[in-house]
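Notes follow once the structure below has been shown.
The values are calculated or read from the model by the stated rules, or taken from the named source; none is laboratory data. This structure is a prediction, so every number in the text was calculated from the model and none was measured. Counting neighbours? That spans all protein chains shown, and the Cβs are built from the backbone with ideal geometry, glycine included. Accessible surface is based on the protein model in full, side chains and every heavy atom, while ligands, DNA and RNA are left aside. Shrake-Rupley method; radii C 1.70, N 1.55, O 1.52, S 1.80 Å.
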Amino acid sequence: MSGTHPRYLWWNGQQVRWEEATVHVTELGWSTVGAVFEGIRAYWNPETGEAYVFRLREHLERLLRSMRLVRLAPRWGIGELTEAILQLLRDNECREDTYIQPVAYRAAGPKTLSGFAEEAGLYIATRPMPSHLLSGKVVRARVSSWRRISDDIMPPRIKNISNYRNGQLAAMEAQLDGYDQAILLNVQGKVAEAPGACLMLVRDGKLVTPDITQSILESITRDTLLRLARDELGLVIEERPVDRTELYVADEVFLCGTAAEITPIGEIDRYPIGDGHPGPVTRALERLYHDIVRGIDPRRAEWRTPVGLATAVGTRPGDD
Ligand SMILES: Cc1ncc(COP(=O)(O)O)c(C=O)c1O
């Protein structure tokens, strides 16, 4: 880091100094309508002096799927993007919990609706994002008056930047009404997700979550927690449509996502969830997730890509 931003970002195949990565003001607007992105986390482990990128391959695979769906041609493969991210984290000396955001955008063609080109530009930026796992954070949520976009309108299963206008409307409404989080129903009136996270609930010891045809992002954290809950905690999983009122009678409800990690919900529409504090399943999953993402628990090593900070020596490009 230098000042308030990292030294470098990666842009179209090379590392560029932060201040030098600029575009003309007329690029504002249309260029992002067609853009897609990823949100990835690296967790710092002070014991090993190493940071681990969590499920990097799966995030990059989803980025390529998102690009495919919005007809942006792939220019870099998973191997090149993996190397780009690891080098960037090393050169930005990310010895803390870090958020990594690749953004792929339409790099050519008219800035209107008439006609398009498949040529993609791509940048990758990093920024500090401290984990709130095990911090005791609990949020209050409301069911939004906005419905989640459905697959026949815009594809919620990918990280399409335009999708986030829908989530933003719900988030603003919730905040203005004094809540921390919004929960969106889909157009069928079933529970979908929060503006930036998926949702899980616990009923009678079973872990229940909307299936991936309920207008939700194909979330990597959701996949991670379902696997951990089933394989490590032996829980019964139900992936299915979820009614709104199931939220109000649930024993536990929490949000999950790369940025949200595991965020327990203490109250929805003024119905207390359980006793308002994180329940036993949420706490067990949070502990397991915390230990696995940081490499404290050796299980699932295939989900953690070491950045190489433990062995890095000063090799920054252009530094003299
Ligand atoms: C709309 C939405 N749903 C769910 C999630 C969770 O997805 P993931 O676990 O892949 O980060 C996110 C992003 O974090 C999101 O933006």
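When the Gaussian network model of the chain links Cα atoms closer than 10 Å, the mean-square fluctuations of THR22, THR126, THR305 top out at THR22. Taking amide hydrogens as placed 1.01 Å from N in the peptide plane, the amide H of ASN45 sits under 5 Å from those of GLU50, ALA51, TYR52, each at least 5 positions away in sequence or on another chain. The angle separating the long axis of helix 56-69 from the principal Cα axis of greatest extent in the chain is about 90 degrees. A dipole drawn for region 81-235 from +1 and -1 charges on Cβ atoms has a positive end, and of THR126, MET172, MET200 the residue lying farthest that way is MET172. Across the chain, Cα pairs under 8 Å and at least six residues apart give a relative contact order of 20 percent. Helix 163-176 and the longest principal axis of the C-alpha atoms of the chain enclose an angle of approximately 50°. By a 1.4 Å probe calculation restricted to protein chains, SER66 has an accessible surface near 0 Å², given to the nearest 10. Counting only DSSP H runs of at least 4 residues, each contributing -39500 (n - 2.57), and dividing by the residue count of the chain, the helix-based mean residue ellipticity at 222 nm comes to -7500 deg cm²/dmol.
Each residue of region 90-103 was assigned a 3J(HN,Hα) from its phi angle through the Karplus expression (A = 6.51, B = -1.76, C = 1.60, θ = phi - 60°), giving 5, 6, 8, 6, 7, 8, 6, 5, 9, 9, 10, 10, x, 10 Hz with x at Gly and Pro. Solvent-accessible surface of the chain, averaged per residue with a 1.4 angstrom probe and all protein chains in place: 46 square angstrom. Comparing GLN188, GLN101, GLN214 in a Gaussian network model of the chain (Cα springs below 10 Å), the most mobile by mean-square fluctuation is GLN188. For the chain, with all protein chains in place and a probe radius of 1.4 Å, 52% of the accessible heavy-atom surface sits on carbon or sulfur. Under 20 Å of direct C-alpha separation, and excluding same-chain neighbours fewer than eight residues apart, LYS190 reaches these lysines: LYS206. Sorted largest first by accessible area at a 1.4 angstrom probe radius, with every protein chain in place, the residues MET67, MET154, MET172 fall in the order MET172, MET154, MET67. Shown are HIS277, HIS5, whose ranking by accessible area with a 1.4 Å probe and every protein chain present, most to least, is HIS277, HIS5. Does the chain classify as rounded, prolate or oblate by the C-alpha gyration tensor (a ≥ b ≥ c root eigenvalues; a/c under 1.5 gives rounded; else a/b over b/c gives prolate, otherwise oblate)? It is oblate, given that a/c is not under 1.5 and a/b is not larger than b/c.
Of all the options THR112, THR245, THR282, the one that moves most in a Gaussian network model of the chain with Cα springs shorter than 10 angstrom is THR112.
The spread of Cα positions in region 8-130, taken along each principal axis and listed from longest to shortest, comes to 55, 30, 23 Å.
Pull out a ≥ b ≥ c, the square roots of the eigenvalues of the alpha-carbon gyration tensor of region 78-177, then state rounded if a/c is under 1.5, prolate if not and a/b is larger than b/c, and oblate in the remaining case. Note, shape of region 78-177 comes out oblate.
Between ASP231 and GLU47, the modelled label-to-label distance comes to 2.1 nm, taking each label 7 Å out from Cα in the direction of the beta carbon. Note that region 261-275 has calculated 3J(HN,Hα) couplings of 6, 10, 10, x, 9, x, 7, 10, 6, 6, 8, x, 9, x, 9 Hz, one per residue in order, obtained from phi through the Karplus relation 6.51 cos²θ - 1.76 cosθ + 1.60 (θ = phi - 60°); glycine and proline are x. To the nearest ten degrees, helix 280-293 and the longest principal axis of the Cα atoms of the chain are 20 degrees apart.
Put a plus charge on the Cβ of each Lys and Arg, a minus charge on the Cβ of each Asp and Glu, and nothing anywhere else: the dipole of region 103-184 about its Cα centre is then about 180 debye. For region 8-130, the relative contact order is 33 percent, taking Cα pairs closer than 8 Å that sit 6 or more residues apart in sequence and dividing their mean separation by the residue count. Phi-derived couplings, Karplus 6.51 cos²θ - 1.76 cosθ + 1.60 at θ = phi - 60°, listed residue by residue for region 214-224: 9, 6, 10, 5, 6, 6, 7, 5, 4, 4, 4 Hz, with x used for Gly and Pro. With the whole protein complex present, ASP151 retains an accessible surface near 90 Å², based on a 1.4 Å probe. Taking amide H as placed 1.01 Å from N in the peptide plane, ILE273 has its amide H under 5 Å from the amide H of GLU267, ILE268, each at least 5 places away in sequence or on another chain. Report relative contact order for region 139-293 in percent, whole number only (criteria: Cα-Cα under 8 Å, sequence separation at least 6). Value for region 139-293: 23 percent.
Note on PHE116: accessible area is roughly 120 Å² with a 1.4 Å probe, heavy atoms of protein only. Annotation: amide H of LEU185 within the under-5 Å range of SER144, ARG148, ALA192, sequence separation 5 or more or interchain, hydrogens built in the peptide plane. Using a simple spin-label model with pseudo-atoms 7 Å out from Cα toward Cβ, ARG165 and THR4 lie 2.8 nm apart.
Within the straight-line cut-off of under 12 Å between alpha carbons, the aspartates and glutamates reachable from LYS111 are GLU27, sequence neighbours fewer than 8 places apart in one chain being disregarded.
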